[in-house]
């Protein structure tokens, strides 16, 4: 088995939102990382082959159990999409104004989780050595991260009027949007980073125009800028353990299973700089220059 951290980059490529314009970017990054992963995995497999005689090696046929959980996974995706597509008004709960669709979404997510827990055989989770520890560890970590991240996000949200004005004002070309959006998304939450530079692009190309009119124009006349912002916000999430919660989840699960994992900076030095950034350079040359 190859190194789990390298596979994170490939997973992020596969999970990238598939649209007519973004598909080539996704295929490029995913293809590059999958080829790299193949050779790295092949190298480690050859090193391990001599440890166990082939006649004694236990071979388990590839299979998939608990397949009905794909129904609940589809329910989760549907609930998230629904919350972003409808507006059922707001409700005040303990002084917090929140959209009704958001409460419905969260309720559906809980229901999907309960259905999965109750309909999946306990033996399946036992065979997978499932425990709650990785989930709890990620939850504790990201609660702290999101609390301490608030000042950074507020500075970013301030745009050209904040402390990062020099950086935001320097973003002019698609290549700038790709790398600056990506660099910040690798260590901050990618959603506000995406929105910040999305609004920066709107203000740069359609100053003074209402958002309802500017957004369709950006999507049709300046599609390359939107591609750069979207690709940077998503692809660079694999550059650190905190770029996205699943990154740290994979690390925690692997360590619990006894697989040594690099440190926070070790991951960046051994994998981000060596494999991911060169792949992003290829994407830059092909699509954004």
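Data for the structure
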{"read-out": "Test: residue 114 is modelled with pLDDT under 85, more than 20 Å from the chain's Cα centre (by Cα) and either assigned to a helix (DSSP H, G or I) or outside the structural domain of residue 227 (by TED's automatic domain parsing) (or both)", "value": "no"}
{"read-out": "Filter pass, residue 177 being in contact (Cβ under 8 Å) with a residue 40 or more places away in the chain and in a helix (DSSP H, G or I)", "value": "yes"}
{"read-out": "Any hit, segment 236-245, residues being assigned to a helix (DSSP H, G or I), in the same structural domain as residue 133 (by TED's automatic domain parsing) and out of contact with any helix residue (DSSP H, G or I) (no Cβ under 6 Å at 6 or more places or on another chain)", "value": "no"}
{"read-out": "Residue check, residue 191 modelled with pLDDT under 85 and either more than 27 Å from the chain's Cα centre (by Cα) or not assigned by TED's automatic domain parsing to the domain that holds residue 173 (or both)", "value": "no"}
{"read-out": "Complete set of residues in segment 216-226 that are touching a helix residue (DSSP H, G or I) at 6+ places or on another chain (Cβ under 7 Å) and part of a helix (DSSP H, G or I)", "value": "218, 219, 224, 225, 226"}
{"read-out": "Test set (1) closer than 23 Å to residue 264 by Cβ; (2) out of contact with any helix residue (DSSP H, G or I) (no Cβ under 6 Å at 6 or more places or on another chain) - residue 203 fails condition number", "value": "(1)"}
{"read-out": "Test: residue in segment 223-244 that is farther than 22 Å from residue 29 by Cβ and out of contact with any strand residue (DSSP E or B) (no Cβ under 7 Å at 6 or more places or on another chain)", "value": "no"}
{"read-out": "Test: residue in segment 70-86 that is modelled with pLDDT of 80 or more, over 21 Å from residue 110 (Cα atoms) and either over 31 Å from the mean Cα position of the chain (by Cα) or assigned to a loop (DSSP other than H, G, I, E, B) (or both)", "value": "no"}
{"read-out": "Some residue of segment 42-53 being modelled with pLDDT of 85 or more and within 22 Å of residue 267 (Cα to Cα)", "value": "yes"}
{"read-out": "Which listed residue is closer than 14 Å to residue 182 by Cα, modelled with pLDDT of 90 or more and within 23 Å of the chain's Cα centre (by Cα), from 234, 283, 274", "value": "283"}
{"read-out": "Check on residue 271, crowded, with 19+ Cβ neighbours inside 10 Å, on the phi < 0 side of the Ramachandran plot, assigned by TED's automatic domain parsing to the domain that holds residue 204 and free of Cβ contacts under 8 Å to residues at least 40 places away in the same chain", "value": "no"}
{"read-out": "One residue from 260, 278 being farther than 26 Å from residue 160 by Cα and surrounded by 11 or more Cβ atoms within 10 Å (Cβ to Cβ)", "value": "278"}
{"read-out": "Criterion: surrounded by fewer than 13 Cβ atoms within 10 Å (Cβ to Cβ), over 28 Å from residue 278 (Cα atoms) and at pLDDT 80 or above - qualifying residue of 213, 163", "value": "213"}
{"read-out": "Unique residue being in a helix (DSSP H, G or I), touching a residue at least 60 places away in the same chain (Cβ under 8 Å) and in the same structural domain as residue 277 (by TED's automatic domain parsing) when the list is 142, 166", "value": "142"}
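Let's see how each residue does on (1) surrounded by fewer than 16 Cβ atoms within 10 Å (Cβ to Cβ); (2) farther than 21 Å from residue 236 by Cβ:
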position	(1), (2)
117	yes, yes
121	yes, yes
131	yes, yes
148	yes, no
173	yes, no
187	no, no
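The values are calculated or read from the model by the stated rules, or taken from the named source; none is laboratory data. Quantities reported herein were computed from a predicted structural model and do not represent experimental measurements. Virtual Cβ from ideal backbone geometry, glycine too; neighbours counted across all protein chains shown.
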